[in-house]
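Accompanying notes for the structure given below.
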Amino acid sequence: MFRLSEYMQQLVEPTPVRSRITGAPVKPVVIWNLTRRCNLKCRHCYTVSADVDFPGELTHAQAMGTLEDLGRFKIPALILSGGEPLDRTDLFEISERARKLVRMLALSTNGTKVHGENADRVAEIGFDYVGISIDGIGSTNDWFRGVEGAYVSALRGVRECKARGIKVGLRFTLTERNQECLPDLLRLCDDEGVDKFYLSHLVYAGRGDKHRGEDAVHTRSRWAMDLLLDRAFEGANGGKKLDIVTGNNDADAVYFLNWVRNRFGEEKAEHIRKHLVAWGGNSSGLGVANIDTLGNVHPDTYWSDYTIGSVKTGLFSDLWTGSDPMLAQLRTRPRPLKGRCGACAFQNVCGGNTRIRALQVTGDPWAEDPACYMRDAEVGINGADHERLIVTPFRGKSHDPVHRFN
């Protein structure tokens with residue numbers, strides 16, 4: 001996750017660069033998909049959820065035991081997600097215990113059920129943040145989410161959270177079919193007093209893999225970033241505050257760095273660069289982890305085809321600090337990147353971007369990320385020697401880390 005507003009603030013109120021943590025594995029933010037059940041049918045759903053009961057999901061006892069381990073391990077943050085987490089009958093019991101065990105507790109929801117008594121319970125438990133997914137205005141959102149009236153219901157969820165003093169954000173996945181809604185969504189945030197706006201670039205996982213043809217072309221990604229940069233700069237300079245973050249395309253940080261250099265010169269850019277290097281870009285397998293609905297642990301929410309182990313048979317803390325070969329490679333700096341990513345001069349800023357996208361397209365997680373929208377000259381690449389990769393989807397099923405990942 002690239003915290004655009006946080007780094008934009010460095011232009012106005014610069015602070016010392018923090019030291020990058022090395023050595024022992026970083027305690028990760030854990031995104032926990034509690035259930036695949038969901039009342040919507042989103043076209044880009046990475047868990048391929050539906051409004052049915054799925055077998056094999058963690059029992060209440062297994063979930064509570066996992067929660068105790070996460071607390072002992074002292075993870076910095078826990079995000080409860082789905083499917084639709086409110087479709088899990090023991091969500092509030094899990095949440096009440098989680099509130100006592102972790103410093104930061106968030107809820108990732110489609111918003112259509114954060115109404116009335118449910119909204120009261122979310123407020124009583126004390127979630128630090130509720131992220132509500134909206135993928136366009138009105139009928140555009142409803143088309144993406146597969147249910148008529150989903151937009152109105154989600155917007156009601158936003159308003160009920162705000163009425164109870166809950167910090168709330170909108171989560172938007174950018175594609176070619178909804179990019180024109182971005183300006184209106186930013187205005188909606190201002191009109192509704194939304195605290196945070198999260199733009200997610202499409203990841204080729206679940207139904208998102210099936211619909212990769214709708215991924216925003218590079219020019220649209222740049223256009224979207226220009227809009228966000230203008231809004232974040234306005235907020236940092238006395239305008240209405242809106243915490244803007246982006247996810248699943250760490251090239252956003254490089255684009256921002258070039259934006260700073262072009263407008264404010266080398267001194268400001270060097271200060272920003274040092275902060276971005278300390279951040280380090282893509283954090284899959286390092287600063288972020290995923291527990292899926294079956295209890296399987298993955299390097300992030302989109303790596304469903306690679307499993308580190310299961311909390312049904314072991315502790316998350318042991319799995320995360322063990323000797324898994326993929327985690328070891330993901331934690332290597334610099335990573336063993338190839339193609340344009342391997343030749344890029346900003347690997348220490350973006351960390352090689354989103355590896356699962358390279359894996360889904362080529363079968364090799366270290367190939368270049370096809371969604372990087374930076375031009376060769378902007379990242380120090382000789383374009384004649386590194387033509388942009390053109391590939392067909394990889395459909396293999398082997399997950400042997402030696403065979404596939406080296």
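The values are calculated or read from the model by the stated rules, or taken from the named source; none is laboratory data. Quick caveat, the model's predicted, so the values are computed rather than measured. Methodologically, a virtual Cβ is constructed for each residue, glycine included, from the backbone with ideal geometry; neighbour enumeration extends over all protein chains shown. These area figures cover heavy atoms from the full protein model, side chains too; ligands, DNA and RNA do not enter into them. Shrake-Rupley method; radii C 1.70, N 1.55, O 1.52, S 1.80 Å.
So the values come out like this:
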item: Percent antiparallel among DSSP beta bridges (both partners in the chain, rounded to 5); result: 15
item: Cβ crowding within 10 Å averaged over residues, with 32-43, 325-336 ranked highest first; result: 32-43, 325-336
item: Over the chain: helical MRE at 222 nm, DSSP H runs n ≥ 4 each giving -39500 (n - 2.57), nearest 500; result: -11000 deg cm²/dmol
item: Within the accessible area of region 85-162 (1.4 Å probe), percent carbon and sulfur; result: 47
item: Cα gyration tensor category, rounded, prolate or oblate, for the chain with a/c compared to 1.5; result: rounded
item: Pairs from Lys74/Lys100; Lys241/Lys274; Lys27/Lys338 whose Cα-Cα separation, in the structure shown, is over 18 Å; result: Lys241/Lys274; Lys27/Lys338
